[in-house]
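Have a look at the structure below before the remarks.
The values are calculated or read from the model by the stated rules, or taken from the named source; none is laboratory data. All figures in this text were calculated on a predicted structure; none of them were measured in a lab. Please note: Cβ atoms are built from the backbone with ideal geometry, for glycine as well, and neighbour counts cover all protein chains shown.
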């Protein structure tokens, strides 16, 4: 308890009608006031600042990753365009069958990229909102800390004033005690002198009664001296009481003012403590939201990395499939060329058959006989030459069926060789 009824903080009550009483010292006023300042405030603020910096760095790296994915998507689109241009018209129906697969895959990648962009925009907006909220709470917290520091400084100044007033009061009380001791000493001295004078007067009276019959008025003298000492004592007591009462009233009024200021300061400190607790709760909520955002960003990064990995794997598969398609197309081109060669040989054979048939028909109708020459080239090929002439003009004279059989055997062997 800071004060008593009618006496101010730490002062005992002194009724005006009574005399000087014993002075007691309240030891609680000498103890420092507990203002409950949290020593971890600066550390918490530093940690919050470092957490916000790390979140900003993570968000910047996430934006860089998204941009990198966009660039890779553009590179893939460019490669796909070049592959389409290199494929040309020769791919035919095979390109038409592969193109929808590529388009579906690219559409899926674009949808994933749009989803990542939407998530990035949403997370960016939430992060800006959280940063604004954190800055606002930080500003409020700093304002409250400033107010609290100001109130503590004012309280320290008031406590110094109260201590000074209390020391003045103790000094005045010691002076009053000294005056009381001096008054008691004077009263004792006065009583001793009165007793001594009375003893001397009684002795003198006896002596005078023995010497003569003169009577001295000692009672009036004693009464006059007594009245003088009593007047001096009363005047000293009144002066001391007036001085003490004036000083006491001044100290009491000053103490009342300090009590009001101290009460207001305590109320402000309580309000600051409540505000600090509220800000701590709000800071914890903001930290939880930041943790949720960090989790969302991490999940988005993981999804982006998985999507990128999947895209790379699918791109590798597509490149392998495209390479295989190119190899198949080259093989088919070689087979096509071989088939063209076989077709050409068959066309030659059919033309030869036709000429043989025409020659046979001409011979049957009485025309000149057909001369057929089989010539083997150095590369292993076969050419057929025919013409009309006399009966003994051909270098190799064959009838129709022998020539047909020989030409058929040569053509069959050539076809088997080509195949």
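What's the number of the only condition in (1) surrounded by 12 or more Cβ atoms within 10 Å (Cβ to Cβ); (2) over 20 Å from residue 264 (Cβ atoms) that residue 167 fails to meet?
Residue 167 satisfies all of (1) surrounded by 12 or more Cβ atoms within 10 Å (Cβ to Cβ); (2) over 20 Å from residue 264 (Cβ atoms) except (1).
Restricting to region 255-267, name every residue that is in contact (Cβ under 8 Å) with a residue 12 or more places away in the chain and either farther than 22 Å from residue 161 by Cα or surrounded by fewer than 17 Cβ atoms within 10 Å (Cβ to Cβ) (or both).
256, 261
Are any of the residues in region 152-170 on the phi < 0 side of the Ramachandran plot, under 34 Å from the mean Cα position of the chain (by Cα) and at pLDDT 85 or above?
The first filter runs over region 152-170 and keeps only residues on the phi < 0 side of the Ramachandran plot, leaving 152-170.
Right, trim to under 34 Å from the mean Cα position of the chain (by Cα) and you get 152.
Subsequent filtering for residues that are at pLDDT 85 or above retains 152.
Checked against the condition, which is being on the phi < 0 side of the Ramachandran plot, under 34 Å from the mean Cα position of the chain (by Cα) and at pLDDT 85 or above, region 152-170 yields at least one hit.
So that you can scan it fast, the table gives a plain yes or no per residue for (1) at pLDDT below 80; (2) surrounded by 13 or more Cβ atoms within 10 Å (Cβ to Cβ); (3) under 27 Å from residue 244 (Cα atoms):
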position	(1), (2), (3)
175	no, yes, yes
208	yes, yes, no
213	yes, no, no
219	yes, no, no
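In this structure, does residue 309 turn out to be assigned to a helix (DSSP H, G or I) and either modelled with pLDDT under 85 or under 27 Å from residue 108 (Cβ atoms) (or both)?
Numbers: assigned to a helix (DSSP H, G or I): yes; either modelled with pLDDT under 85 or under 27 Å from residue 108 (Cβ atoms) (or both): yes.
Yes: the conditions hold for residue 309.
Quick one: which of 135, 144 is modelled with pLDDT of 85 or more and buried (at least 16 other Cβ atoms within 10 Å of the Cβ)? So that I can check it myself, show each step before the final result.
Working: 135 fails: buried (at least 16 other Cβ atoms within 10 Å of the Cβ).
Of the residues listed, the single one that is modelled with pLDDT of 85 or more and buried (at least 16 other Cβ atoms within 10 Å of the Cβ) is 144.
For region 268-303, how many residues meet the condition of being in contact with a helix residue (DSSP H, G or I) (Cβ under 6 Å, 6 or more places away or on another chain) and free of Cβ contacts under 8 Å to residues at least 60 places away in the same chain?
0
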